[in-house]
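Asks: Questions regarding the structure given below will be posed in turn.
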2 protein chains.
Amino acid sequence: MSLITVGTMAFDAIETPFGKIDKIVGGSAIYVAYAASNFVKPVQQISIVGYDFPEEEMEELRKRGVHLDGVEIIKDKKSFFWSGRYHEDMNSRDTLITDLNVLADFDPKIPDSYQGAEFLMLGNLMPKLQLNVIQELKKRPKFIVMDTMNFWMETAMHDLKIVLKYIDMLMLNDAEARQLTGQYSLVKAAKIILTLGPKFLIIKKGEHGALLFHNDEVFFAPALPLEDVFDPTGAGDTFAGGFIGHLAKTGDISFENMKRAIIVGSAMASFCVEKFGPTRLKEINKDDIDRRIQQFKDLVSFEFELV
Amino acid sequence: MSLITVGTMAFDAIETPFGKIDKIVGGSAIYVAYAASNFVKPVQQISIVGYDFPEEEMEELRKRGVHLDGVEIIKDKKSFFWSGRYHEDMNSRDTLITDLNVLADFDPKIPDSYQGAEFLMLGNLMPKLQLNVIQELKKRPKFIVMDTMNFWMETAMHDLKIVLKYIDMLMLNDAEARQLTGQYSLVKAAKIILTLGPKFLIIKKGEHGALLFHNDEVFFAPALPLEDVFDPTGAGDTFAGGFIGHLAKTGDISFENMKRAIIVGSAMASFCVEKFGPTRLKEINKDDIDRRIQQFKDLVSFEFELV
């Protein structure tokens, strides 16, 4: 099975209570690719970068089975740049700088070689662009996951609601679910979102785990309790990459398999936060991942015979 | 197996975004008793009330196998009274009134009929009083659980640290764990607390579930995602009551059985928040509880064969 991912490839500057880094590769499609490529090949990337995006990073991705035919390189502009500072609790952050650069021109095109992909991960982008991608695909993928954010709810809600009708799963965080629906209760918010188009919904709660909703079913995956969250940047995208990577690897979109996929996503995200940016994701191998998944099993598994 | 519970029996006035009640029975020992009595009899209550505490409530407790020989009735004083208002998110609240009344004179005594109990639940009280209870027991219980709160860390930390040396398990919330240790990371906080006396630790995270720590092991129990949390008052004590009730029922203090106990506690707490005060706890029966425990199993159970 193949997977198309659409999103940003960027530079980030990050400040956390634990340290500071002035320039590191980032962007949603970077995290999705590093996570998903552990499970499925090819990962077919759609993004845009400037003249300054490092060829070594491209090579690193290629080595992992990430196809870059869909990554446009703009020769006279810089790559997207984001800079942020995390608060003491690591759950909230201030955005210091957002330099769109090449991203202002992003008009995603699907290379012919990508056509026919079974899985599509639409990273957080302007809803119109997300819709364009869906409509450019000659054959509808078996499963389409979409990420979004509060900014689009404030500036492009109309378009956002149109895209929702075309996707299978929406993935957003708790604050965004509340904003989208005006409901504080996540259970009520989920019920509303499941009437807007997607048949599946994941609400990410950061260090408090993630909830999967489908019809009247709900599944909860915890986050791994860690001694330190060093840098949360990209954890949500890494979660998404692990999730859809597992789905694409198995080709199985049953609710039971989505439970496994959400655990895989949580495991990948737990690596992501251990070092700056995607650093840790480049170091781990299958054994590390399997051990981490086992930790998740141990964390929540219990035997209970009701008599 | 029998269980001694020590704590308050009181009146509460509660205001939530969903409603308001001027006077309802409450207090830690009330919630522990209503939860634990589903699993173990007798529950041997130690508390203090005034002339105004309703005999019907006492009768209701007796019917459930709660012994009240250890509940002192002060004929010329009123019962402890607490009044609070919950914020929109239901995770934080303002205390409006705290009238100690009889609680100012509380000097818990153990009736002879309670001696020999295998389990002891020390509700949140002045640490000196908690220590007195332990020292008045002729035979050390098999398992002692203690609750506490930030107020005692601010006013009686020295005494609190002494009590910690005598107990088996400390139960507190995330903010309190951070305050007790000065560590933001709950994993680091847990490591420190486990050097202070208790061999087991539960950190309650409200709607985000609860963590159980022992040596290098950790277990996580989610809270049930609910449409509405109507009134969180007493949820932590109800959790404690369900937890120790299951331990006392089974007599098994293995880590594996504590996992089950923490699920039982979470299930009981999920009922508690459905109506004002302990109202819902008085309505439910074994079938309701079993169905709720099954919901918890469904919520987190997944099959994952690592290959």
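Asks: Quick one: which of B:R85, B:R64 is surrounded by 12 or more Cβ atoms within 10 Å (Cβ to Cβ), under 27 Å from B:E227 (Cβ atoms), under 21 Å from the mean Cα position of the chain (by Cα) and more than 14 Å from chain A (Cβ to nearest Cβ)?
Replies: Working: B:R64 fails: under 27 Å from B:E227 (Cβ atoms).
None of the others qualify; the one that does is B:R85.
Asks: What residue, of B:D105, B:D69, is surrounded by fewer than 18 Cβ atoms within 10 Å (Cβ to Cβ) and in contact with a helix residue (DSSP H, G or I) (Cβ under 6 Å, 6 or more places away or on another chain)? It would help to see each step written out before you state the result.
Replies: Values: B:D105 fails: in contact with a helix residue (DSSP H, G or I) (Cβ under 6 Å, 6 or more places away or on another chain).
Exactly one of B:D105, B:D69 is surrounded by fewer than 18 Cβ atoms within 10 Å (Cβ to Cβ) and in contact with a helix residue (DSSP H, G or I) (Cβ under 6 Å, 6 or more places away or on another chain), namely B:D69.
Asks: Still on this structure, I have one more. Pick from the range B:246-301 the residues that are within 14 Å of another protein chain (Cβ to nearest Cβ) and small (G, A, S): which of them is surrounded by the fewest Cβ atoms within 10 Å (Cβ to Cβ)?
Replies: Applying the filter and picking the extreme gives B:S254.
Asks: Could you identify the single residue in B:G209, B:G242 that is facing another protein chain (nearest Cβ under 10 Å) and either touching a Ser or Thr at 6+ places or on another chain (Cβ under 8 Å) or among the β-branched types (V, I, T) (or both)?
Replies: Working: B:G242 fails: facing another protein chain (nearest Cβ under 10 Å).
None of the others qualify; the one that does is B:G209.
Asks: Can you say whether B:F143 is out of contact with any Gly (no Cβ under 6 Å at 6 or more places or on another chain), surrounded by 21 or more Cβ atoms within 10 Å (Cβ to Cβ) and closer than 16 Å to B:I30 by Cα, as far as the supplied structure shows? Quick ask: steps written out before the conclusion?
Replies: Values: out of contact with any Gly (no Cβ under 6 Å at 6 or more places or on another chain): yes; surrounded by 21 or more Cβ atoms within 10 Å (Cβ to Cβ): yes; closer than 16 Å to B:I30 by Cα: no.
When the stated conditions are applied, B:F143 does not pass them.
Asks: I'm told A:I192 meets every condition in (1) at the interface with chain B (Cβ under 9 Å from one of its Cβ atoms); (2) surrounded by fewer than 22 Cβ atoms within 10 Å (Cβ to Cβ); (3) not in a loop (DSSP other than H, G, I, E, B) except one. Can you identify the failing condition by its number?
Replies: Against the list (1) at the interface with chain B (Cβ under 9 Å from one of its Cβ atoms); (2) surrounded by fewer than 22 Cβ atoms within 10 Å (Cβ to Cβ); (3) not in a loop (DSSP other than H, G, I, E, B), A:I192 comes up short only on (1).
Asks: Kindly state which strands (runs of 3 or more DSSP E) lie completely within the range B:25-115 and contain at least 1 residues that are among the charged types (D, E, K, R). Even if it seems obvious, please write down each step before you answer.
Replies: Details: elements: B:43-50, B:66-74, B:80-86, B:93-99.
It comes to B:66-74, B:80-86, B:93-99.
Asks: Sticking with this structure for a sec: Determine whether the range A:150-162 contains at least one residue that is out of contact with any Leu (no Cβ under 7 Å at 6 or more places or on another chain), crowded, with 16+ Cβ neighbours inside 10 Å and part of a loop (DSSP other than H, G, I, E, B).
Replies: Yes, that holds for at least one residue.
Asks: Kindly establish whether B:L306 is under 30 Å from A:S254 (Cα atoms), facing chain A (nearest Cβ under 8 Å), of a type in the set (A, V, I, L, M) and more than 19 Å from the chain's Cα centre (by Cα). Let's see the steps before the verdict.
Replies: On the way: under 30 Å from A:S254 (Cα atoms): yes; facing chain A (nearest Cβ under 8 Å): yes; of a type in the set (A, V, I, L, M): yes; more than 19 Å from the chain's Cα centre (by Cα): yes.
Answer is yes for this residue.
Read-outs throughout are calculated quantities, based only on the coordinates presented, and are distinct from any laboratory measurement. This one's a predicted model, so the numbers in the text were calculated from it and none came from an experiment. Reconstructed Cβ throughout: ideal geometry from the backbone, glycine too, with neighbour counts over all protein chains shown.
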